[in-house]
Amino acid sequence: MIKVLFIASANKGNISPIVLSQGLSLSRSGITISYFGIEGKGIAGYLSNVSRIRKRIRDTNPDIIHAHYSYSGIAACLAAGGKPVVVSLMGSELANKGIYRFATTFFSRYLWDITIVKSEWMANRTGSRRTVVIPNGVDLDQFFPMDDRPALKKKHGLPADKKHVLFIADPARYSKNHELARQATGLVPGDDAELVVRYDLPHSDMPELINAADVVLLTSRWEGSPNIVKEAMACNCPVVATDVGDIAWLFGSEKGYYIADPDPTDVAQKLGQALQVRRGTDAVNGRERLQVLGLDSGTIAQRITAVYDALLSDDKYHKKQPSKPSVIRK
């Protein structure tokens with residue numbers, strides 16, 4: 001049985017639900033997962049955890065160390081003591097410029113054994129021949145279409161006379177482009193479209209909130225493979241999104257899922273179309289699309305396990321290094 005130590009930020013009190021969800025799916029597939037939560041801001045804060053990570057490695061003796069986000073990966077690499085290191089990047093590390101991106105690409109190319117990224121543009125940005133593309137999966141037992149949407153709206157404080165455009169991000173985050181979402185919602189014809197901004201809420205609230213919404217809106221400037229979009233698709237909720245990350249691949253030609261230019265007028269037009277779909281009786285099959293793409297959490301866990309197996313069995317990625325980034329998706 002493979003033992004893996006997950007390392008990730010715990011600066012908000014807990015490790016991210018996305019990381020915990022991935023750990024749970026791997027546990028269900030037979031991997032033993034333990035966790036180390038990093039507390040500390042900036043690269044200096046992360047590096048201050050190196051000695052504690054070394055101790056945890058000695059105590060748990062994992063086969064593989066799997067860090068999430070760049071700074072966690074750097075700290076994990078310095079503490080690894082010869083253990084294989086896998087690092088999952090989410091997008092922002094490679095979209096930014098300067099020392100953050102330089103450090104990420106340097107460690108990805110020369111020091112991390114495998115870098116997992118969420119979409120092809122990220123693989124190209126790493127410049128590493130030890131990069132694999134594995135998007136985050138969705139727990140389809142947690143995210144699914146729910147009946148009685150009026151009751152869900154009432155439960156989550158959404159007025160019954162409004163059409164709710166759900167924006168799940170901190171408006172202060174530049175990458176999420178809240179201003180575009182605000183402007184676009186104001187341009188939707190009629191006076192019943194309302195932008196609902198939620199963030200820092202328990203992940204357990206998300207399935208009901210998505211089902212209560214009329215459309216999920218993502219106006220980001222960049223993304224890897226946005227989890228909120230996949231969670232909305234699992235609930236068969238329409239989505240409007242800018243063309244970032246793997247959005248085009250996720251949506252395909254599926255009804256109810258619209259790519260918009262980063263322009264308020266175009267976003268508003270696509271929101272209008274999505275709201276029409278939500279009002280109508282035509283089926284929205286985002287959930288089925290996810291299953292076709294293999295983005296359920298169980299399938300993604302199998303893909304990650306394949307990376308672990310390759311590292312431990314014959315060093316396929318550690319020493320032989322494929323000639324170009326590997327894409328584990330299909």
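Overview of values
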read-out	value
Matching residues in the stretch 258-281 - criterion: being in a helix (DSSP H, G or I) and farther than 10 Å from LEU217 by Cβ	PRO264, THR265, ASP266, ALA268, GLN269, GLY272, GLN273, LEU275, GLN276, VAL277, ARG278, ARG279
Hits in the stretch 58-80 - residues which are touching a helix residue (DSSP H, G or I) at 6+ places or on another chain (Cβ under 7 Å) and either more than 16 Å from LEU47 (Cβ to Cβ) or basic (Lys, Arg) (or both)	ASP63, ILE64, HIS68
Members of the stretch 200-234 found to be part of a loop (DSSP other than H, G, I, E, B) and either under 24 Å from ASP266 (Cβ atoms) or touching a Lys or Arg at 6+ places or on another chain (Cβ under 9 Å) (or both), listed by number	ASP200, ALA213, ASP214, THR219, SER220, ARG221, TRP222, GLU223, GLY224, SER225, PRO226
Yes/no for SER48 being touching a Gly at 6+ places or on another chain (Cβ under 8 Å) and surrounded by fewer than 17 Cβ atoms within 10 Å (Cβ to Cβ)	yes
Residue list for the stretch 222-265, restricted to those being touching a Gly at 6+ places or on another chain (Cβ under 7 Å), over 22 Å from ILE18 (Cβ atoms) and surrounded by fewer than 22 Cβ atoms within 10 Å (Cβ to Cβ)	GLU254
Residue list for the stretch 294-330, restricted to those being at pLDDT 55 or above, surrounded by 19 or more Cβ atoms within 10 Å (Cβ to Cβ) and within 23 Å of the chain's Cα centre (by Cα)	LEU295, ASP296, SER297, ILE300, ALA301, ILE304, VAL307, TYR308
Hits in the stretch 118-133 - residues which are surrounded by 18 or more Cβ atoms within 10 Å (Cβ to Cβ) and among the polar types (S, T, N, Q)	SER119, THR126, SER128, THR131
Single match in PRO135, PRO145 (criterion: part of a loop (DSSP other than H, G, I, E, B), of a type outside the set (Gly, Ala, Ser) and in contact with a Gly (Cβ under 9 Å, 6 or more places away or on another chain))	PRO135
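The values are calculated or read from the model by the stated rules, or taken from the named source; none is laboratory data. Just so we're clear, the structure is a prediction, and the values are computed from it rather than from any experiment. Neighbour counts are summed over all protein chains in view; Cβ atoms, including those assigned to glycine, are modelled from backbone coordinates with ideal geometry.
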